[in-house]
1. With Asn143, Asn108 as the choices, which residue is among the polar types (S, T, N, Q), open to solvent by 70 Å² or more (accessible area, probe 1.4 Å), closer than 18 Å to Met9 by Cβ and not in a helix (DSSP H, G or I)?
2. Write out, first by first residue and then by second, each pair whose Cβ atoms fall under 8 Å of each other, whose residues are 6+ apart or on separate chains, and whose first residue, in region 92-111, is among the hydroxyl-bearing types (Ser, Thr, Tyr) while the second is in a helix (DSSP H, G or I) and open to solvent by 90 Å² or more (accessible area, probe 1.4 Å).
3. Just to be sure, is Ile130 open to solvent by 20 Å² or more (accessible area, probe 1.4 Å) and not in a loop (DSSP other than H, G, I, E, B)?
4. Grab the helices (runs of 4 or more DSSP H) fully contained in region 1-103, keeping just those with 3 or more residues being touching a strand residue (DSSP E or B) at 6+ places or on another chain (Cβ under 9 Å), among the aliphatic types (A, V, I, L, M) and surrounded by fewer than 19 Cβ atoms within 10 Å (Cβ to Cβ).
Amino acid sequence: MLNIYFGPMEEAVYNTAAYFQYDYEDGWITNPEVREMIRDVDQSVVLDSGVIDSPVLGKIPPVQLSGGVKTLILVKFEKDKIFNASTCGDNCAKWLLKIADQEDRTINLRHLMDFGKDRFTIRILNTNEIVHSMKELVSIAGNFV
C-alpha cells in the first residue's frame, strides 16, 4: 500500500537529486521496471547502466534523469527511507502506486498529486485514513497542502 504524509516531514529526504547522485547503484538503472519507468516518464532509453539516450538531451548519465524518475528509483530501491515525492509530476503517480502494490512504501508530498480516475488504495498518514479515489484524497489532503 502507498502511504502518504502531506506537508513538511522532518524525516523525509527532501533533496532527492542530491541523494540520488551519491547513492544510486548502477544495477538499479538496468532493472526492467526502471527501464520501463525511464521510457514512460522521460521518454528515454537505457543503453546501459551509465548511459541513457534522451530525445532532448542526447546521451546522458543517470544523474541527469528527471527529478521524478530519480525519485521513483529511490522509492523503489531505498525501502527504509521516505522521499519527497513532490519532485514528481502527475505522470509518476501510477508508478508510485505500482511500486507500493509490490511492497508497502511511504512518501512525503507537499502538493496534491493526481492519481487518476481509477480506484486505488492509499493511506493518508496525517489522519490514518484509507482512500480509494481522488475525491476522497482531495477532501483530506486539502487540509494539509
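1. It is Asn143.
2. Partner pairs satisfying both residue conditions: none exist.
3. Yes.
4. none
The values are calculated or read from the model by the stated rules, or taken from the named source; none is laboratory data. Computed from a predicted model, the values in this text were never measured in an experiment. Note that each Cβ is placed from the backbone with ideal geometry, even for glycine, and that neighbours are counted across all protein chains shown. We work out accessible area using only protein heavy atoms, side chains counted, and drop any ligands, DNA or RNA first. Shrake-Rupley method; radii C 1.70, N 1.55, O 1.52, S 1.80 Å.
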